[in-house]
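Taking it in order: structure first as structure tokens, then the write-up.
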Amino acid sequence: MKHSPKDVEESARKISRRALLLGGAQVSFMTALALRMRYMQVDQADQFRLLAEENRINIRLIPPTRGLIFDRFGQPLAQNEQNYRIVIVREDAGDVEQALAKVSRLVRLSDEDIERALKEIKRRSAFVPVTIADRLSWEEVAEVAVNAPALPGVTPEVGLSRTYPMGSDFAHIVGYVGPVSDYDLGKLENPDPVLQIPRFQIGKTGAEAKMEDMLRGKAGNKRIEVNAVGRVIRELDRTPGQAGADVQLSIDHGLQNFMQARLSGESAAAVVLDLAEGDVLGIASAPTFDPNKFVRGISVPDYRELTENIYRPLANKTVQGTYPPGSTFKMVTALAALEDGVISADETVWCPGYLESGGRRFHCWKRGGHGHVNLNKSLEQSCDVYYYDIARRVGIEKISAMARRLGLGTRHDIPMSAVAEGLMPTKAWKASARGADWVVGDTLNAAIGQGFVLASPLQLAVMTGRIATGRTVTPRLIKSIDGVEQPSGGGDTLDVNPILLNYVRRGMYSVSNNRRGTAYKTRVAVDEMQMAGKTGTSQVRNITAAERARGVSRNEDLPWERRDHALFVSFAPYKDPRIAVSVVVEHGGGGSTAAAPIARDIALRALYGDVPPLAAYPQNQRGKIGELFDNLPLRAPEAAPTGRSRA
């Protein structure tokens, strides 16, 4: 069939339109593609370049060097030492168990070490190095290095590990470090990425834990090139981290060692405060333990020995332990009554050996009584009835308020673990905590530091320091950080009339220096070093009426855990107070026999700066004291530090 010219013309027009539409679509598509390519290659070039880099470059953290800890004289208490270790990479080692067996023939690996390593290897990615042995000698590391061709995936390395050169002397103060646990991470809202490094160590107790953020420092990083499976090809560059801060404590390491030695064999605590700055010169809890064992991984038998010891060596009794302060609290009651005007220093109270209140007898420690007693005599001979009487008149609220002014019932801010608040009870406290009304008997018990009253050895030292100086002495454990001196704890003027404080000081002087004083046997023979103190004995059991009738059992006739706690607080020298001391001997019996002798020795060691000379003791005691000092397990004098350095 033949098409007419008109049909041909119409058909050509249609084809042209279609060609134009198709060509336009093609041009539009190519234009859009070109624009998209330009956008991706030019505008988005930096983003895609970064993605490409991340596909072949990894960034890994470099653990920071932990800050060092020193005593007040620059003696190192916590430092870093080179640690030779062996690591294994699972993907390179092949048969891991066979590799560990080969290593165990070269270095000492216990079954426990191998089991721990296998667990860690299973938890980590195949290319992550896992430590299988550390703290190795150079000879052991060299042995592994020589046999490296036969040990694929096993590599010797050098790192840093924490060590405590003063051992057990500072265990409760400095504390120790250990590997980061899931529990540690769970306590942090936004944990530092460096804590994810296998076996990275952080502070667990003491200053190591409380100052963790400051001591840890800031991690560095390195860029490494890796292949498709994550194996390291080469290191491209690194940014060094920031080392942790160096911390200087206020502690005198020589005094601390003497205190720990003097407390050996006891379940006890002692604190020495410098009254000029509030510095904690010594703070000892006995028995103690070696923190290095925890850093290296304490064995099950060693840990069981610590936890099953009835003397509780892991507990820091100086700040964590709270005890009824016994008669060491009587200065608080006396000041509250003097300030309130319910009694004067010269006014006397009759002590027949007991005081009756509410149909009950409150007994004095001296069964026959002390007769007429004024403030000075009440402290000198520790008459209980005097304090029952004045407490009944002044009331618990004013006694509790005075105690808080003197530093009791307050959690002092020092970087140690489990610092206790103690307890200074009030009527409101008993209603809230016990759901009962306060009664007069509660006040009488509190007046002599029994009943609900609880205080730590640190708080008792603060109380004594404030009475001695008339200032709000506050304990300072951190002397400087990276050489920057920390605020003084010397304090401001105490809000207590100085005349009233003098009355109490004179009474404390009589305790230690008058013949009838409860601590006269532990007096100091050198006039310029004389101390003022107060003995205390706190009951841990109830004495029944039947026992009183037949005679109260002697402490030495009771099981150890039922014996009274022994306490003593003091300041010295009396005429120009420089230090305050508190000592608590758990179940030690009487404060005058168990705690006061220890406190005197510690005070003299602090004042003389060395083992006290025998001339400081009464003539008839020098032989026994000399023998005691000869047998003390004192640390040999350390060489003078040459300066600070980081390992």
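Charged neighbours of residue 476, selected by a Cβ distance under 12 Å, balance to -3 (K, R count +1; D, E count -1).
Shape class of the range 95-201 from the alpha-carbon gyration tensor: oblate, with a/c at 1.5 or above and b/c at least as large as a/b.
Taking each residue as 0.36 nm, the span from residue 367 to residue 411 lengthens on full extension beyond its C-alpha to C-alpha distance by 12.1 nm.
3J(HN,Hα) along the range 105-112: 7, 9, 10, 6, 10, 7, 4, 5 Hz, from the Karplus curve 6.51 cos²θ - 1.76 cosθ + 1.60 with θ = phi - 60°, whole Hz, x for Gly and Pro. The peptide list 318-325, 615-622, put in order of mean Cβ contacts within 10 Å with the highest first, becomes 318-325, 615-622. As a proxy for reagent exposure, ranking 592, 382, 104 by other Cβ atoms within 10 Å from fewest up yields 104, 592, 382. Among the GluC sites (Glu not before Pro) in the range 110-199, those located in a DSSP loop and surrounded by at most 15 other Cβ atoms within 10 Å of their own Cβ are 189. Dividing the helix sum by the residues of the chain, where each DSSP H run of 4 or more adds -39500 (n - 2.57), gives a mean residue ellipticity at 222 nm of -10500 deg cm²/dmol.
With θ taken as phi - 60° and the Karplus curve 6.51 cos²θ - 1.76 cosθ + 1.60 applied, the whole-hertz 3J(HN,Hα) list for the range 588-593 is x, x, x, x, 6, 9 Hz, x standing for glycine and proline.
Modelled spin-label separation between residue 486 and residue 311, with each label point placed 7 Å from Cα along the Cα-to-Cβ direction: 2.9 nm. Under a model in which nothing but the beta-carbon of Lys, Arg (+1) and Asp, Glu (-1) is charged, the chain shows a dipole of about 1140 debye around its Cα centre.
For the range 59-245, the calculated P(r) over all alpha carbon pairs, in 5 Å bins from 0 to the bin holding the longest distance, is 1, 7, 14, 17, 18, 17, 14, 8, 3, 1, 0 percent. When 211, 37 are arranged by Cβ crowding within 10 Å, least crowded first, meaning fewest neighbours, the order is 37, 211. Across q = 0.10 Å⁻¹, the chain modelled as identical point scatterers on its alpha-carbon atoms has Debye log10 I(q)/I(0) values of -0.95, in the order of the q list. Taking 0.36 nm per residue of separation and subtracting the Cα-Cα distance, full extension of the segment from residue 393 to residue 123 would add 90.4 nm. Length gained on full extension, residue 421 to residue 183: 83.1 nm, using 0.36 nm per residue less the C-alpha separation.
Sequence-distant contacts, meaning Cα pairs under 8 Å at least 6 residues apart, place the relative contact order of the range 56-124 at 15 percent.
Model label sites at residue 95 and residue 116, defined 7 Å from Cα along the beta-carbon direction, differ in position by 2.6 nm.
A simple spin-label model places pseudo-atoms 7 Å from Cα toward Cβ; at residue 31 and residue 636 they are separated by 9.3 nm. FRET efficiency for residue 82 and residue 624, Cβ-Cβ distance as r, R0 = 51 Å, nearest 0.05? Between residue 82 and residue 624 the formula returns 0.60. Once backbone amide H atoms are built at 1.01 Å from N, residue 579 has 275, 572 as its partners under 5 Å, excluding neighbours fewer than 5 places away on the same chain.
The C-alpha atoms of the chain define a longest principal axis, and helix 384-394 lies at about 70 degrees to it.
Among 472, 522, 328, sorting on how many other beta-carbon atoms sit within 10 Å of each Cβ, with the fewest leading, yields 472, 522, 328. Among the listed pairs 330/575; 293/624; 102/293; 317/479, a Cα-Cα separation exceeding 24 Å is found for 293/624; 102/293.
Computed from backbone phi, the HN-Hα couplings of the range 326-331 come to x, 5, 5, 8, 5, 4 Hz, rounded to whole numbers (Karplus: 6.51 cos²θ - 1.76 cosθ + 1.60, θ = phi - 60°; Gly and Pro given as x).
No lab work stands behind these numbers, since they all come straight from the coordinates. Given the structure is predicted, the values throughout are model-derived calculations rather than measurements. Methodologically, a virtual Cβ is constructed for each residue, glycine included, from the backbone with ideal geometry; neighbour enumeration extends over all protein chains shown.
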